[in-house]
Structure formats: structure tokens, C-alpha cells
Amino acid sequence: MNHLLYVIEKDKHNEKDLKEILSQHKNIRFVSLMGVDLGGNATDEKIPIEIFLEDIDGFLKSAVQTDGSSVELYNIATLNNAKVDIMPDKDCKWYVDYNMEHIDDEVNLPVGTLKIPAFLIHCNKKVCSRGILQKADRYFKESMFDLFEKYPHLIKNIGIDSKDEIEDIVLTAATELEFWVNTPEDKADLEKLYVSQSLKEQYWKRTHGIIRTCLEQSLIVLQRLGIEPEMAHKEVGGINSSISIEGKTNHAMEQLEVSWKFSSPLQAADNELLVRDVIEDVFTSHGLEVTFKAKPIHGVAGSGGHTHVGVAAKLTNGSIKNLFAPRDMKEDYLSEIGYGALMGMLYNYEVLNPIVTASNDGFNRLVPGFEAPVCIVTSLGHSYSVPSRNRSVLVGLIRDMKNPKTVRLELRSPNPLSNTYLVIAGCYQTMLDGIKAAAESKLTTKELEKELSKDVGQESFYLEKDRAYRDENDVFEYYSLEERNSRFSVPPETVYENMKNLEIYSFKLKSLKQGNVFTDEIIESFKVGAIDKWQKKLINRIIENNMKVIRSFVKLHDKENMDALDEVAWNTISDMKFKIMKDTLTRKSLFTQIKEAVENKDYETASNLQIELKHNMEDIQQLYMKYKKNIY
């Protein structure tokens, strides 16, 4: 098993080397092209390796055709123009995915599939997530060289005398992956989870038994795949598992996190897909369920997918200069480029947010009190010498006084199922918009810091007058809801509200569309797809799941063991059950009102009713838990 092939580097993507490599690994029996649609879904097909070996050059230059109905490209791959080509990407790492449950009879090794990242092409245009990120990467680098030519002060102020000293612009990105794991059929004991979380009984504690084994095996596989994991640990959510008489783990329900090293934007996004596959394969092979949902359990910590982005210059002398780091870390938080990038992401977040959070599940995580960012605000630190670790903000500034190379921005709102390709592309596009504005202003770092730190009502050359964008407080503890909304704007609460912001803030779409990276066609396709999935899941999943919850709330007291308090509590719960679920001759339930609004395509009303339903479900669950506790 130690001799299994896991990676084929891009310098080996030629017919001669590939035939030699694959002839030495007979257990690699299939090829799969991994194209990623606008929904973040990766294609996976089994093509016998013999077809690949017959004409490798021809295979890599041509494309596998698929029907547009098999990928998420709303309004692009239509019924009358459905053909989509999947084109192999030769300029990236290829991986081998092994099926440990299927052993090849000839060589007694697990059957492998060569996974080749690919592009989805429609009408000769790349219309996929990988293609958009590739285009964003190229446009950012080209634009930075243009800015250095036009505004040389940008680099002189960080110690580079001329753009001729710059050999290349290096973009780096990374994500962190949080997830929940549990034994099948186990239901969440919400009260135990609440208590364990409040006591911080799980956070960074030692893993045990099968959880430990799976975590260690996952890290070993990731190392073999060249992903270079840096750390894995328990997260804040979870409860202690138990051990059966046979020595097996029972009632496991834990939240874990895995992080790995930075790489190029496209490689970073590819890596995250691979990490998810590895974790799911390893844990499920040991009989455990894994979920990457943003908020699998209501009222308990959700799972984030924090996204880190950085920009550096590779100089002709071989050194690397972080373009976000100031000349003197003790005198400034950021360089002019860094301030511009941070301002760009914050100012344009209304059009970046729809890309980041495009699902009901994602919005379930974005609530105050769970270290999930809701407000468009950043934190720099209380002083230049003390880095900020404010976990209540949307965009964090990560900096190490002793190592300027580590300075980067952390977007804290993505979740494990956000489309990482589009999120990273959107980050670089919005950052570039702010960098251009900062460059044109010719303001110093001190002046840019003052701009970013402005209060509500103060004018700015770039940021909106009626907002604040920097705060060093815990914004959830320090401000009331009304104060937060007044200072940082009212955040959307549903997928529909988020997608509607693409229209309300259409003037900010220029940041995404610069360089023709996000086209009108792509943005419209993403929006239509998100709304379509939102309304279908609202009707077929959210309402159906809530029906089961409502039906589980049954009367527990009787005349023998009751008090008037129990009767009053139950009557309140019963009235709420009727309001949420039960139609009468004179009144329609919330469920019915939502269904009718969706059927009539009145999405505004459906969205408002969804918010009302969410609050009602939270209230009734709390009431029932309190009522249940009083029954002996």
C-alpha cells in the first residue's frame, strides 16, 4: 500500500511519461474529469483507462461531451443548446482516488481512478467555477503590473524601487474545513450539546477511539496527496461519545476541523474538494456519518470554511515581498495595497455575499452569538504591536509582527459548502477594485487607516458615508441589534434577500465584472440557480422537516401529574402549532402561506414568511424544551 501512486505533477502530463507511469500502476483502472459547475458541484465519471491510453494526446486536446442537464448552468446550457464539453486541465496537479473496498484481482491493490481537474465549456467559452477563478487570477496579476506602472508609489513605499524588480505576482489562498461527525441513527441531544458547548468541553480536546483513528488516517492520506495538512483538532461543538461492551464507539457526535498549507487560488479550491472527499471516504469506511453542512444542528455551533487570501511579489533576486505588509510592521497595520484590498472587499460585500452564502443552510449559520460574521466590518487591532483576533468581524486581518510574509485577509463568512472557486475569485475581484481606488487617491497609509476607521456620517473618497467599517469591539456584545444595523447596514436573512442585493447594489457589480471575469451571463445564471434551489428546498425540505418537528411536540402531562403551569405552557405550544402548521376554515397556516407564495412566484412574500417561520420554530422549540423539563 505504501507504493500506491497518489499524485501526477503537471510536468508529467505528456504521452510518454503518462504511459510509463500508468504501466507501472496497473490498478489505476479509470479516468475521471473533474469539472466544477456554478453550484460548486464536481463532475465524476468513470472512463476506462484503456480509452485514455489509446490516444493520450488526443484525449487531452479534445473534450468529453455531456448534457447540460447534468451540470448546474442555469440559463446557459438550455434545452435547445445543451451540449457542454469537459476539457482536461493539463496545468495543474492530477490525483489518484482509490476505492479501498474494491481490490484489483491482478495486483491485489485497491482500484484507482485518475482524477483530472477540468473546465466546462459551452459555445467555446469556459462557463465553470474553475474557469472563472483562473480568469480572476490572471486579471489580478495583469492589473497589478499596470498599477505599478501608473502609480509607482505603491511599491516604493514597501521597499521595491521599480516594477522591473518584480518577476511575478504571487496569489496565495487557503481554506479551513470544519465538519460534524456522528454514529448513524443517533439523534442530537440538544440540551447536552448546549451545555457542552457553553462549558467548552470539546474545543481542542484529545480525540479518542475511532474518531482519532479516522482523523489520523485522513491526515496521512492528505500528506500522500501532497496537500500538506497543518493541523486537525476538535472544534467547539459536540458531546462525549460512549463505548459499548464490544469496545465500539457509540453515540459519537463531534465537530472537527482540518487545515492545510496555502497554495495558488486554483490549487487551493481544488484541494478543498479533495479534502472533503478524503474525509468523507475515511470516516464512512469506519461506519461514521460526516456532514459539511453549515448548520446541521440548530442552536449549536455551525461549521465555517474561513477563506484566507494574500498577494506577494516575487522579485528578480529570488526574494518574496508581501504586498499587504507595510514597510515597518511597528508603524502601520497594512501597506497602501493592503488597505485598498480590505476596503474593496468591505465596500463591495453586498455583491460578494450572494456568492458566499447561497443556501438556506448557509443562512442558518449566520446568526449572532456563534462566532459567525453578520456585520460588514473589520478589525485591525488595538495597536500596531498587538494583532487583532476579533472573531466577531466579517474580514479579519491576520498578521505576525515577526513575520511580514504572513500578512493576509481572512473572510470569515464562507461555509464548507460555499463555492470556494467563486468565493476566492470574488475576493480578488473586489480587492482589486479597492486597490485601484486607493492607488488613484494617492493617500498615505495613515490617511487610508483614517478612512477605514471613519465613523457613521463621515465622508470618504471610496467607502459609503452612512456606515462604519472598522470596530475593535465584540460587535455582538457591544452593540444592540438596532445599533449594528445602523452602523454596518442591515444584513440579508434569506437567500432571496441576498440575491436581490445583486439588483439593489447593481452599481457595485462593476467590481466583479472588471476584466470580464464575472459576466452578466454568469451572474444571472448563478442568481437564477440560487433562487430556484432556495424555493424548492423551502417547500420540499424546510417545511417537511419542520412538520416532523411540530408533530413530535406532544402533550406530556395528565390530570395525575399536572399543574396549571403545565396546562398554560401546553396551550401556548398548541396555539403555535396551529399557527405554523394547521389550516382552518378562517385562517391559513404559515406552511400553506409559504407554499402559495412560491407557487405564485411571489418570492418577496415567501422570503418574509420564511423569516417569520424561522422565528416561530425557534420560539416553539424553546417553549417545548421548558415544558418538557417540568414533567416528572
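The values are calculated or read from the model by the stated rules, or taken from the named source; none is laboratory data. Since the structure is predicted, the reported quantities are computational estimates derived from the model, not experimental observations. Note: ideal-geometry Cβ built from the backbone for every residue, glycine included; neighbour counts use all protein chains shown.
Against the conditions (1) surrounded by fewer than 24 Cβ atoms within 10 Å (Cβ to Cβ); (2) more than 15 Å from the chain's Cα centre (by Cα); (3) closer than 30 Å to PHE145 by Cβ, where does ILE435 fall short? Just the number, please. Failed condition: (1). Candidates in region 391-410 are the residues that are basic (Lys, Arg) and assigned to a strand (DSSP E or B); of these, the one that is farthest from CYS375 (Cα to Cα) is LYS405. So is ASN608 closer than 27 Å to GLY39 by Cβ, outside the structural domain of LEU352 (by TED's automatic domain parsing), in contact (Cβ under 8 Å) with a residue 24 or more places away in the chain and crowded, with 16+ Cβ neighbours inside 10 Å or not? It is false that ASN608 is closer than 27 Å to GLY39 by Cβ, outside the structural domain of LEU352 (by TED's automatic domain parsing), in contact (Cβ under 8 Å) with a residue 24 or more places away in the chain and crowded, with 16+ Cβ neighbours inside 10 Å. Here VAL71, VAL64, VAL36 are screened, and the one residue that is closer than 24 Å to LEU266 by Cα, in contact with a Phe, Trp or Tyr (Cβ under 9 Å, 6 or more places away or on another chain) and surrounded by 14 or more Cβ atoms within 10 Å (Cβ to Cβ) is VAL36.
Pairing each residue of region 418-437 that is touching a residue at least 40 places away in the same chain (Cβ under 8 Å) with any residue that is basic (Lys, Arg) and surrounded by fewer than 24 Cβ atoms within 10 Å (Cβ to Cβ), provided the two are 6+ apart or on different chains, yields C-beta distances under 8 Å for ALA425/LYS135; ASP433/LYS510.
Taking the conditions (1) modelled with pLDDT under 95; (2) assigned to a helix (DSSP H, G or I) in turn, GLU272 satisfies each one other than (1). Run VAL367 past the list (1) farther than 30 Å from ASP146 by Cβ; (2) touching an Asp or Glu at 6+ places or on another chain (Cβ under 8 Å); (3) part of a loop (DSSP other than H, G, I, E, B) and report the number of the one that doesn't hold. Of everything listed in (1) farther than 30 Å from ASP146 by Cβ; (2) touching an Asp or Glu at 6+ places or on another chain (Cβ under 8 Å); (3) part of a loop (DSSP other than H, G, I, E, B), VAL367 misses just condition (2). Every test in (1) in contact (Cβ under 8 Å) with a residue 40 or more places away in the chain; (2) over 30 Å from MET144 (Cα atoms) is passed by ASN516 save one, and that test is (2).
Just so you know, in region 471-499 the residues that are buried (at least 19 other Cβ atoms within 10 Å of the Cβ) and among the charged types (D, E, K, R) include one that is farthest from the chain's Cα centre (by Cα), and it is ARG487.
Checking each residue in region 568-602 for being surrounded by fewer than 13 Cβ atoms within 10 Å (Cβ to Cβ) and of a type in the set (Asp, Glu) picks out ASP575, ASP583, GLU599. Considered as a group, the residues in region 509-519 that are surrounded by fewer than 19 Cβ atoms within 10 Å (Cβ to Cβ) and not hydrophobic (A, V, I, L, M, F, W, C) include one that is farthest from LYS126 (Cα to Cα), and that residue is LYS510.
The rows are residues; the columns are (1) at positive phi; (2) surrounded by fewer than 20 Cβ atoms within 10 Å (Cβ to Cβ); (3) in contact with a strand residue (DSSP E or B) (Cβ under 9 Å, 6 or more places away or on another chain).
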position	(1), (2), (3)
ALA325	no, no, yes
MET329	no, yes, yes
SER379	no, no, yes
VAL386	no, yes, no
PRO414	no, no, yes
LEU417	no, yes, no
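Inspection of region 569-588 finds a residue satisfying the criterion of being of a type in the set (A, V, I, L, M, F, W, C), within 30 Å of LYS527 (Cβ to Cβ) and either at pLDDT below 95 or not assigned by TED's automatic domain parsing to the domain that holds ARG365 (or both). With the structure loaded, tell me whether ASN317 is surrounded by fewer than 24 Cβ atoms within 10 Å (Cβ to Cβ), assigned by TED's automatic domain parsing to the domain that holds LYS465 and not charged (D, E, K, R) or whether it fails that test. Yes: the conditions hold for ASN317.
Taken as a whole, the structure leaves ILE297 outside the set of residues that are more than 30 Å from ASN364 (Cβ to Cβ), in contact (Cβ under 8 Å) with a residue 24 or more places away in the chain and either touching a Ser or Thr at 6+ places or on another chain (Cβ under 8 Å) or of a type outside the set (S, T, N, Q) (or both). Just wondering, is there one or more residues in region 329-337 that are within 22 Å of SER441 (Cβ to Cβ), assigned to a loop (DSSP other than H, G, I, E, B) and among the hydrophobic types (A, V, I, L, M, F, W, C)? Yes, there is a match, as at least one residue in region 329-337 is within 22 Å of SER441 (Cβ to Cβ), assigned to a loop (DSSP other than H, G, I, E, B) and among the hydrophobic types (A, V, I, L, M, F, W, C). Those strands (runs of 3 or more DSSP E) of region 1-113 in which 2 or more residues are in contact (Cβ under 8 Å) with a residue 40 or more places away in the chain and under 30 Å from GLU228 (Cβ atoms) occupy 28-34, 83-88, 94-104. Among all residues of region 21-29, there is at least one that is outside the structural domain of ALA269 (by TED's automatic domain parsing), surrounded by fewer than 12 Cβ atoms within 10 Å (Cβ to Cβ), modelled with pLDDT of 90 or more and among the polar types (S, T, N, Q). On the stretch given as region 145-176, residues that are hydroxyl-bearing (Ser, Thr, Tyr) and over 25 Å from THR307 (Cα atoms) total 2. On the stretch given as region 114-171, residues that are part of a strand (DSSP E or B), within 30 Å of SER70 (Cα to Cα) and under 25 Å from the mean Cα position of the chain (by Cα) total 8.
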